[in-house]
1. Based on the mean of other Cβ atoms within 10 Å per residue, sort peptides 64-74, 110-120 so the most packed one is first.
2. Loop-only GluC sites (Glu not before Pro) in segment 77-135, please: DSSP not H, G, I, E or B, and at most 13 other Cβ atoms within 10 Å.
3. Whole-Hz ³J(HN,Hα) for each residue in segment 51-65, computed from phi via Karplus 6.51 cos²θ - 1.76 cosθ + 1.60 with θ = phi - 60°, x for glycine and proline: what do you get?
4. log10 I(q)/I(0), Debye, Cα-only segment 90-146, no solvent, q = 0.17, 0.18, 0.24, 0.30 Å⁻¹?
5. Each residue of segment 116-127 in order: what ³J(HN,Hα) in whole Hz does its phi give by Karplus 6.51 cos²θ - 1.76 cosθ + 1.60, θ = phi - 60°, with x for Gly and Pro?
Amino acid sequence: MSRSDIARAGLLVAVLCLPCGAAEAAASPFAAMAGTWSGSGTLSTTDGGQERLRCRAAYDVAPNGAELRLNLRCASESYNFDLAGNVEYRGGAITGSWSEATRNASGTISGRAAGDQIDAAARGENFSANLSLTTRGSRQNVSIRPQGTNITGVSLTLDRR
């Protein structure tokens, strides 16, 4: 598995973890995400391999609940990555951007949020993935499905700290 493929999967993780907020903080998917989270997961590859990931995330939610700023750091046995992103929530739709500094990669994210579920697509010049994120109480489950790489999926479980 190449470092660029792992970085791309990391970008997906960041995008997945960019769950978006609502116009009202009380109803916002972002409101439930505010704070610091950490956890682990698995990165799977086309050759059947798997790597364990450890991740830490910080979600900074605007007072109105409609904007989210994310910082995410994940590490596996063979790679570390740092991601940043900004996402907005308006009327059930989410839009935003992400970047990964060590690989000079960036792109956009768009999708829908309803209740505790966010479904989105992340796109960049050399990367695309579908993602799903569910936040229930102090736990988040994240699933990322990249296209066009040797990474077939990323699954994470994060807990609020």
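A short reminder: the numbers here are calculations on the coordinates, not readings from a lab. Source: prediction; values computed, not measured. All Cβ positions, even for glycine, are placed from backbone atoms using ideal geometry, and neighbour counts span all protein chains on display.
1. 64-74, 110-120
2. Counting only loop positions with at most 13 other Cβ atoms within 10 Å, the GluC sites (Glu not before Pro) in segment 77-135 are E77, E125.
3. 10, 7, 10, 10, 9, 10, 10, 10, 10, 10, 9, 4, x, 7, x
4. -0.60, -0.66, -0.99, -1.19
5. 9, 10, 10, 10, 8, 10, 9, 9, x, 4, 10, 8
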